[in-house]
């Protein structure tokens, strides 16, 4: 299946402008999500053999395999119902912002096939938290899904940095009921000032506000006459361009507010090797990010003695890259750019390879 994609389908898609090809992919996956019989057949084909394979437990959730679809592919909750049929063990939608926004001007996504890389400066283009919540209200909710659904939250571009907590709280209030876990994205390089939220002072204010809102959900669970909601697992997505002292401070704040996990990492502003001569602005993803993201995963795992669950993202283009992240200390992994180059069944291939490795 992978060879068929790489020889026939990928060349046709790569004739399209990068973002247009992305839209075609989202549309095809959304269509699959609507065709229940085909989805059912694919889910059965992509199921891992039960013998010797353990599901994965992290932040109070159970994952059938370690491979997830990273945020950025399905920004508006259009395609995720088909994720299990393609072999994913979880899916993360978004990034969703409180306000609908068009993102940055096109073109804003660029492929580099020789390096199996992408540069994007999308800018959180999405229809807004209210629209996404309305769509999710008509889709299977928590406890009724084949795989966990994460929702990645970001800051609206027009919101001043000082008002960021209020902005995230709007999205949290609209989307928490629909999420198996929530991610606070403070690390995209494509929204001006967003990465400053990784600074200790800004991060403490943001996490204080979100943690308080999350605790209030747990309190409501025990109050008569109020709907049972419960606390939602909270994760933080960080940049690969942080220094080790910055990561140390960030981990201190994560521990202070008892976050459930961290996603390492987002795209990079660095331009290693051949990319030094490329002038396109935006975040670089794909194979060039592999070593840096793995190093950060390993650093966090060692710094926290393995107590903090890590979702490893960045540069996974084959089973060896996924296994490398897990060996470095990740509990789960996510892919996106790798799927662009390897095709829609890349997750199923990875999950099968990792399960074979687990049995051995």
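Only the coordinates and a few stated rules stand behind these numbers; no lab work does. Predicted model only: the values in this text are computed from it and were never measured. Note that each Cβ is placed from the backbone with ideal geometry, even for glycine, and that neighbours are counted across all protein chains shown.
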Per-pair calculated FRET efficiency, R0 = 45 Å: residue 100 and residue 7 via Cβ, rounded to 0.05: 0.70
Cα convex hull of segment 261-360 - mean projected area over all directions, nm²: 6.9 nm²
Fraction of beta bridges assigned by DSSP in the chain that are antiparallel (%, nearest 5): 30 percent
Estimated [θ] at 222 nm from DSSP helical runs (n ≥ 4, -39500 (n - 2.57)) normalised by residues in the chain, nearest 500: -11500 deg cm²/dmol
Proxy reagent accessibility, fewest Cβ within 10 Å first, across 259, 69: 259, 69
Residue-span extension gain [residue 196 to residue 41] - 0.36 nm each, minus C-alpha spacing: 51.2 nm
For segment 1-47 and segment 283-307, distance of Cα centres in Å: 29 Å
Which of 248, 180 has the fewest Cβ neighbours within 10 Å, and the rest in rising order: 248, 180
Cα gyration tensor category, rounded, prolate or oblate, for segment 12-171 with a/c compared to 1.5: oblate
Neighbour-count order for 229, 325, 144, fewest beta carbons within 10 angstrom listed first: 144, 229, 325
